[in-house]
Amino acid sequence: ACGSSDDSGSDSGDSKDAGDTNIGIVIKGLDNPFFQHMEDGINAEQKESGADIEIQAAASITDTSGQADKLTNLANQEFDCYLVNPISGTNLIQGIAQIAAKGTPIVNIDNPVEAKAADAAGAEIATYIGTDNVAAGKMVADQLAKLDSDGGDVATVGGIAGDVTSAQRIDGFKEGLADSFEVVQEVAANWDRQEAQTQAETILQANPDLAAFFVANDDMAMGVARAVAAADKKGKTLVVSVDGIDGVASGDIDAAVAQYPFVVGKMGLQACEAAALGEELPEKVDTPIALITPDNAKEAQDAFPEPPNEYDNPFADLLGR
Amino acid sequence: MTTTTAPPASRGTAVAERLRQPSFWVEWASVLGLVVLVAIFTVLDPRFLSSGNIKTMLLASAILTILAVGQSFVILTAGIDLSIASTMTLAAVAFGMAMTSGKGLFLSCIVAVLAGAAVGLVNGFLIAKGGITDFIVTLGALSAASGLALILSDGRPITVISAPLFKLSAGGFGMIPYTFLIALGVAVLAHLVLFSTPFGTHVLATGGSVDAAQATGVRTARIKMAVYLISGVLAGLAAILLVARVGSAEPAANTTFLLNSVAAVVLGGVSLFGGKGSIKGPVFGALLLTALTNGLTLLGVSQFYQPLAVGIVVVGAAFLTRFET
Amino acid sequence: MTTTTAPPASRGTAVAERLRQPSFWVEWASVLGLVVLVAIFTVLDPRFLSSGNIKTMLLASAILTILAVGQSFVILTAGIDLSIASTMTLAAVAFGMAMTSGKGLFLSCIVAVLAGAAVGLVNGFLIAKGGITDFIVTLGALSAASGLALILSDGRPITVISAPLFKLSAGGFGMIPYTFLIALGVAVLAHLVLFSTPFGTHVLATGGSVDAAQATGVRTARIKMAVYLISGVLAGLAAILLVARVGSAEPAANTTFLLNSVAAVVLGGVSLFGGKGSIKGPVFGALLLTALTNGLTLLGVSQFYQPLAVGIVVVGAAFLTRFET
Amino acid sequence: MTTTSTEQQARPMGDVLLEAQGVSLSFGSVRALADVSVQVRAGEITALVGDNGAGKSTLVRCIAGVHTADEGTIRFDGEVVAFHAPDQARNAGIETVHQNLALVEDLTVWQNLYLNREVTGGFGPFTYLKKRAMRSGAQEMVSKLAVNVPAVTSTVRRLSGGQRQAVAICRAAGFSSKLVIMDEPTAALGVQETARVEELILRLRHEGHAVLLISHNFDQVMRLSDQVWVMRAGRCVAGRRTVETSGEEIVGLITGAISQ
Amino acid sequence: MTTTSTEQQARPMGDVLLEAQGVSLSFGSVRALADVSVQVRAGEITALVGDNGAGKSTLVRCIAGVHTADEGTIRFDGEVVAFHAPDQARNAGIETVHQNLALVEDLTVWQNLYLNREVTGGFGPFTYLKKRAMRSGAQEMVSKLAVNVPAVTSTVRRLSGGQRQAVAICRAAGFSSKLVIMDEPTAALGVQETARVEELILRLRHEGHAVLLISHNFDQVMRLSDQVWVMRAGRCVAGRRTVETSGEEIVGLITGAISQ
Ligand SMILES: Nc1ncnc2c1ncn2[C@@H]1O[C@H](COP(=O)(O)OP(=O)(O)OP(=O)(O)O)[C@@H](O)[C@H]1O
Ligand SMILES: Nc1ncnc2c1ncn2[C@@H]1O[C@H](COP(=O)(O)OP(=O)(O)OP(=O)(O)O)[C@@H](O)[C@H]1O
Ligand SMILES: O[C@@H]1[C@@H](O)[C@H](O)OC[C@H]1O
Ligand SMILES: [Mg+2]
Ligand SMILES: [Mg+2]
């Protein structure tokens, strides 16, 4: 029940337990496992703390204004803190401004709110928690250089053309790519496995000697892997991606850099609880990313949704856990 | 000279009479649907009708309303504009580029509208003069316009920071946001054009029967061009509101607006076969669709159940139009 | 007794005669478009017609072809099935769940087809008996079916590992994949049903003029129900091929298939106003769309220029149908 | 209506095949039919006349199952019937040539002629159309009526006004039925075609079918019909045996100059 | 055609307003018009007769700008014209009642009557419709012709066959024009309505308009027209001054029993 909504509101000065906090959450898509895990992390923390939460998601990964509507909608209700994962750097800015005007703290996860825009709206983001997509792309590029020292032609398979996250990953990958490699083709497959597979099949027709595919997420990587297998190029044409622990474990994907959306979600809610309790938050927290290779895939799978290695969680300390 | 119509009825029976006409229900279905929906949501959660939430809904409805008006004109001529959302995306990118290159707000707005108008003109020309089916032309334009938006923006969102724009998107008179007033103005103007000018009659005639309209000398090709132009211009206007709302011009197309704009029009009692309908219907259709998502969010309906609920409610609302002759 | 038709012409002039009829060009536009496209791509890159690439294209076209056939039946009655892609998604999830729960391939296939049929039946019932516009019913079904798919799968892809399925998706006779043969079989059957059975004539009559069809006693409500059922069943069949192709059932709705299925039908010369068209047209329309994406990727056209190119080519291909009467 | 019963008994008449009693129908505020009662006898040509908008076509549409009457009963072949759809009427043995012809413009002439009466071979799911048979059958039917015979493979959209009318008439007359209703069948027809249709109507009577004929052509009505019903502003104002009335009386009844 | 020129000179005649010369038009393999030449004189009623499918409506559509002839020329009011669209013909002063009536079913009667001839107030972008004026104007026009006057605010979809015809005729006659073409205007009309339309046609002639009338009703043709053109299978086979011919001759020319 909305236990806290009947007391005087968002003044968070009094000593409260995290279980009394009431938190509004808006995340990105809903038909993608990445966000499922994020939601799982949020729910796991909610079980632990007993906070009241309300989660809303955009209708699709391009639904920028629909997502904005959802946040403005929640902004009208009384929450002690808001947790947001915006589709783009600015699309939620109106709701954020509204919330900031009331003095309610905002925690930003996964995709950062653009600093300039937040300034213009007079909003301060309590903290940003997420992975650096550019860094993830770079890490994949480094691993690719290790797997194939000869180099060669590479193709990238992105999400929806114009998608921010996808572009960051591909930019990072291209930045980190060794000189021996050359990106010969960049396609967009709408985050869809079937489309990624069809595109990859065609690319393999055009570039039979392709050294590797870089794929922007795990779902599409599975489709690409299938295309590679069907063309009898397994091992010759490598498939590397952001995300895809299971794919690496099953041998379909050759290497991946895993993000931990579960951790992003969990830490996000913890941060929000802490903020609602009036704690001072660190400005930016990087959540772990991990390079997954066939050697450590099993281990990573077992540890999932948490990363296999220890990581810093400043918010757990703030909440006294 | 006998007439088959009944003698002038008293006011009371005249109303009863209107209520008995199926066309009445078709035209007012979206209004009725909205009222029922509002009633249900309010009972389930009184915050639904709080001034804050009303403002939220009106704010959220402005863009869709403008698009629905543009789509109405096209559908009234028995056409369809599948490119409406992509045109908005392209116009948004054009607007964003103009703003960041320092063209100033006013000039940038003109750029946005011109970009929309350009797509509309091409659509209209290919359909009316090229004789290509609307569906294909505008499907092609959907693809081409979003491609252009990607090329122009290099696939990256263009952040637009502008104080007056932000004010436009966030401000209002009491609980009536400025953007909603703009949408309302567009709707009123569209209503007048449709029902009080020869042009409007010719739009309806073109949609009702191209052959008959042509035989009486209506220049149906011009009318077709005009409605696509209107649709494009309104998409350009909507683009400005979109950028104001989300603070940036995003090149990735927003496909929900396409289906929703058509849904608003059809829920508003406009026949997809053209020739009959109103502006008020689609406007209320747009409000209905906005209120629906808003209410479901407010009630905290889980994200997976929302599409199911939307599907059921949309069909339920349309059930009111089923008496169509 | 004079007749206005010319005396039986020699074979040569009969062909010339057919070529002069606009309806001929409408019907064969997609074929012609495909030929022109293939010619251009082959000139630009000879690998386009390599056996490997032909196989790739045929493989990629099977699902769209089946959906286009289903969509054709609906559009021939002047309806539209906007839920076709979501129905496929739902059926895929149902199939995936049946497979993972150990129901076996055969039973699971039946589950998939039944899931598709169920959506089709609901659509048909609401449209034919409920009297609600097709657009709204199937738009509602689009939303509801994808919601159901999300709920059932809990939003996660369901991996389906099955040797026979893999064989089905990857194997073939030479460069003709099995899945393409299935699609071809569906198309041939559909062609026979449409042009060689009373049912087919009644479908055309219902689309051509509901009133006239009804006046001659055609049960147009039943025909409407039947075409949505056909569309649903074929979406179920397509779902099996989709899962076989990608090795998992994805709950994410795929709007590209929706727009492409309608585009294939319209490019294939079927009128959106119903009553006239063929099955061969849409099949070639589907091949054309597949060849287009394939060719652009093969040529290495950048992702931002692809949508633009697709838009232009689609309109260009439709230019061939512009002689429509 | 009761006044006519004595006259009817005066001559040898066929059995009553169709009897409408007290039929009323309103469209919103327009009362298109008000308490209409008419009879159609087997082996006779019954005419229905009246001004434009008098309600003739509406009555026909009620009989043919297109509309369902608000009030009143219709008896056909001895039984009270309530057709809710045209196929029920058609299956019961009523074929109709509607005033708007009810042709599907984009189907061919032969497809329209055989619509819902297709000639098929095979059985069950293996039923197929015998197109050749239908084409030649159609050719034969049409050439009996039309002068400028249209190609039966051309679509109806391409036919002239009179050619369409001929197709619609062929369809109604081509399949054995108890009652053939024709709503202004010769309105668009030329001299020769009109003569052929009149022959056809007489042949139908000769073969024992009942024909209900709506026509504004008094010559035709007086020449062909056995019985005339007169409608005015939604009411059936009179019924006469044709031999016992005159063109003038009928005109008077239609205009209201003679009030019953 | 040349044979008729002597006859024409025999009586005082109006000036030639419209002259079609050698007009041909084919639809695919169907040669709908073959070398047709006709003349229509100002202040006269010119009749065009022929069997169904003879090509009358096609000729009318060529004159009215719906079709463009493959060959031949059309002179109107002294100038060679080539209408590519109906509005050009309408602006030049030709109003047409098409056989298919060309009404927009979902518009009201008054909207159809004033379609593309709207009464407006204001100016430039502030032009608005004077609906009241159009409604009362429409009411007046329709009640002159129709007996069961339909409400002018009802949609055409709801009208009876004859009521529609009346609306189409009102539209063509209601706006001053040099030539009024009527393609079987009384086909669907009742006795009283037919009489009124005939009066209307005579009044048009009296006011100096030219009328081109297509009709299958010989009585009507002989009674009203000054000149008759006969078409057979796409050709114009004869032209006669009405006073110098007889119904029998015309029928013979139509059927081909008399070959010129
Ligand atoms: N669907 C409808 N909706 C409303 N009014 C209708 C409808 N159909 C017919 N009417 C009205 O009912 C009356 C009778 O029409 P009906 O078509 O039966 O006349 P009719 O006697 O056949 O005339 P005509 O000789 O002109 O064909 C007319 O006033 C007409 O406007
Ligand atoms: N659009 C068209 N396409 C093909 N053929 C056509 C078309 N329009 C008319 N025809 C053909 O041209 C011929 C002449 O038709 P038209 O309509 O001119 O005849 P009509 O003399 O007006 O006959 P009616 O008295 O029956 O109205 C007919 O054989 C008809 O089938
Ligand atoms: O993993 C991806 C996520 O990071 C991105 O934001 O959206 C698509 C997902 O697949
Ligand atoms: Mg009638
Ligand atoms: Mg004609």
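The values are calculated or read from the model by the stated rules, or taken from the named source; none is laboratory data. All values reported here derive from a predicted model rather than from experimental measurement. Heads up, the Cβs are rebuilt from the backbone with ideal geometry, glycines too, and the neighbour counts pull from every protein chain shown. Keep in mind that these areas ignore ligands, DNA and RNA; they rest on the heavy atoms of the full protein, side chains included. Shrake-Rupley method; radii C 1.70, N 1.55, O 1.52, S 1.80 Å.
Of all the residues that make up the stretch E:171-184, how many are more than 11 Å from every other protein chain (Cβ to nearest Cβ) and at pLDDT 90 or above?
Number satisfying all stated conditions: 5.
Within the stretch E:163-180, track down each residue that is within 12 Å of ligand 1 (Cβ to nearest atom) and either surrounded by fewer than 24 Cβ atoms within 10 Å (Cβ to Cβ) or within 17 Å of the chain's Cα centre (by Cα) (or both).
If the condition is that a residue be within 12 Å of ligand 1 (Cβ to nearest atom) and either surrounded by fewer than 24 Cβ atoms within 10 Å (Cβ to Cβ) or within 17 Å of the chain's Cα centre (by Cα) (or both), then E:R164, E:Q165, E:A166, E:V167 are the ones that fit.
How about the stretch B:216-228: which of its residues are crowded, with 23+ Cβ neighbours inside 10 Å and under 17 Å from the mean Cα position of the chain (by Cα)?
Those that are crowded, with 23+ Cβ neighbours inside 10 Å and under 17 Å from the mean Cα position of the chain (by Cα): B:V227, B:Y228.
All but one of (1) open to solvent by 20 Å² or more (accessible area, probe 1.4 Å); (2) farther than 14 Å from C:A92 by Cα hold for C:A141; which doesn't?
Of everything listed in (1) open to solvent by 20 Å² or more (accessible area, probe 1.4 Å); (2) farther than 14 Å from C:A92 by Cα, C:A141 misses just condition (1).
Whether any residue in the stretch C:283-303 is at the interface with chain B (Cβ under 10 Å from one of its Cβ atoms), open to solvent by 40 Å² or more (accessible area, probe 1.4 Å) and more than 30 Å from C:F199 (Cβ to Cβ) is what I want to check.
Within the stretch C:283-303, one or more residues are at the interface with chain B (Cβ under 10 Å from one of its Cβ atoms), open to solvent by 40 Å² or more (accessible area, probe 1.4 Å) and more than 30 Å from C:F199 (Cβ to Cβ).
Quick one: C:I132 ticks every box in (1) open to solvent by 20 Å² or more (accessible area, probe 1.4 Å); (2) without any contact (Cβ under 8 Å) to a residue 60 or more places away in the chain except a single one, so which number is it?
(1)
Select, from B:A252, B:A235, the only residue that is at the interface with another protein chain (Cβ under 9 Å from one of its Cβ atoms) and either part of a loop (DSSP other than H, G, I, E, B) or hydrophobic (A, V, I, L, M, F, W, C) (or both).
Only one candidate passes the filter, namely B:A252.
Please work out which residue is modelled with the lowest pLDDT, limiting yourself to the stretch D:126-164 and to residues that are touching a Ser or Thr at 6+ places or on another chain (Cβ under 8 Å) and polar (S, T, N, Q).
D:N148
How many residues, within the stretch D:198-218, are farther than 13 Å from D:D183 by Cα and touching a helix residue (DSSP H, G or I) at 6+ places or on another chain (Cβ under 8 Å)?
The total comes to 5.
Pairs only if they're at least six apart or on different chains, beta carbon under 7 angstrom, first in the stretch E:68-93 and within 14 Å of chain B (Cβ to nearest Cβ) and in contact (Cβ under 8 Å) with a residue 12 or more places away in the chain, second open to solvent by 20 Å² or more (accessible area, probe 1.4 Å) and part of a strand (DSSP E or B); list them, first residue then second.
E:A92/E:V81
Name every residue in the stretch E:209-222 that is more than 16 Å from ligand 5 (Cβ to nearest atom) and either within 20 Å of E:I63 (Cα to Cα) or surrounded by 24 or more Cβ atoms within 10 Å (Cβ to Cβ) (or both), in order of residue number.
Passing the criteria: E:H209, E:A210, E:V211.
Restricting to the stretch D:223-260, and then to whatever is assigned to a strand (DSSP E or B), within 14 Å of chain B (Cβ to nearest Cβ) and in contact (Cβ under 8 Å) with a residue 40 or more places away in the chain, can you tell me which residue is surrounded by the fewest Cβ atoms within 10 Å (Cβ to Cβ)?
D:R235
In the stretch E:181-207, which residues are of a type in the set (G, A, S) and buried (at least 18 other Cβ atoms within 10 Å of the Cβ)?
E:A187, E:A188, E:G190
Residues to consider are C:G120, C:G104; find the one that is away from chain B (no Cβ under 14 Å) and on the phi > 0 side of the Ramachandran plot.
C:G104
Among B:G147, B:G185, B:G200, which is the only one that is in a helix (DSSP H, G or I) and open to solvent by 10 Å² or more (accessible area, probe 1.4 Å)?
Answer to the check: B:G185.
Taking the stretch A:250-261 as the search range and keeping residues that are over 15 Å from A:D132 (Cβ atoms) and at pLDDT 95 or above, which one is most open to solvent (accessible area, probe 1.4 Å)?
Ranking the candidates gives A:D254 first.
What number of residues within the stretch A:193-206 are closer than 18 Å to A:G162 by Cβ and surrounded by fewer than 23 Cβ atoms within 10 Å (Cβ to Cβ)?
Selection size over the stretch A:193-206: 1.
Would it be correct to say that B:F135 is at pLDDT below 90, out of contact with any Phe, Trp or Tyr (no Cβ under 9 Å at 6 or more places or on another chain), assigned to a helix (DSSP H, G or I) and at the interface with chain C (Cβ under 9 Å from one of its Cβ atoms)?
Yes.
Might you check whether a residue that is within 23 Å of E:I250 (Cα to Cα) and within 13 Å of another protein chain (Cβ to nearest Cβ) occurs anywhere in the stretch E:198-212?
No, every residue in the stretch E:198-212 fails to be within 23 Å of E:I250 (Cα to Cα) and within 13 Å of another protein chain (Cβ to nearest Cβ).
Output the number of residues of the stretch D:125-147 satisfying the condition of being in contact (Cβ under 8 Å) with a residue 12 or more places away in the chain, within 9 Å of another protein chain (Cβ to nearest Cβ) and of a type in the set (G, A, S).
Summing the residues that are in contact (Cβ under 8 Å) with a residue 12 or more places away in the chain, within 9 Å of another protein chain (Cβ to nearest Cβ) and of a type in the set (G, A, S) in the stretch D:125-147 gives 1.
If I ask for residues that are at the interface with chain A (Cβ under 7 Å from one of its Cβ atoms), in a helix (DSSP H, G or I) and either open to solvent by less than 30 Å² (accessible area, probe 1.4 Å) or in contact with an Asp or Glu (Cβ under 6 Å, 6 or more places away or on another chain) (or both), which ones from the stretch B:151-170 would you list?
Hit for the stretch B:151-170 is B:S169, nothing else.
Yes/no per residue for (1) farther than 30 Å from A:G223 by Cβ; (2) open to solvent by 40 Å² or more (accessible area, probe 1.4 Å):
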residue: A:I99; (1), (2): yes, no
residue: A:D119; (1), (2): yes, yes
residue: A:A141; (1), (2): no, no
residue: A:D150; (1), (2): no, yes
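Can you tell me which residue within the stretch B:205-220, out of those that are at the interface with another protein chain (Cβ under 9 Å from one of its Cβ atoms) and of a type in the set (A, V, I, L, M, F, W, C), is nearest to B:G275 (Cα to Cα)?
Taking the candidates together, the pick is B:A205.
Being within 16 Å of ligand 2 (Cβ to nearest atom) and in contact with a helix residue (DSSP H, G or I) (Cβ under 6 Å, 6 or more places away or on another chain), is that true of even one residue in the stretch E:83-90?
yes
Please state which of the following conditions E:T155 fails to meet, knowing it meets all the rest: (1) within 14 Å of chain D (Cβ to nearest Cβ); (2) polar (S, T, N, Q); (3) open to solvent by less than 30 Å² (accessible area, probe 1.4 Å).
Failing condition for E:T155: (3).
Just checking, which of E:Q220, E:Q165 is more than 16 Å from ligand 4 (Cβ to nearest atom) and in a helix (DSSP H, G or I)?
E:Q220
Given the conditions (1) assigned to a loop (DSSP other than H, G, I, E, B); (2) away from ligand 5 (no atom under 16 Å from the Cβ); (3) touching a Lys or Arg at 6+ places or on another chain (Cβ under 9 Å); (4) more than 30 Å from C:S271 (Cα to Cα), report the number of the one that D:S176 does not fulfil.
Here D:S176 clears every test but (3).
Tell me, which residue of the stretch E:102-145 that is part of a helix (DSSP H, G or I), open to solvent by 60 Å² or more (accessible area, probe 1.4 Å) and not basic (K, R) is farthest from B:G207 (Cα to Cα)?
Among residues in the stretch E:102-145 that are part of a helix (DSSP H, G or I), open to solvent by 60 Å² or more (accessible area, probe 1.4 Å) and not basic (K, R), the one farthest from B:G207 (Cα to Cα) is E:E140.
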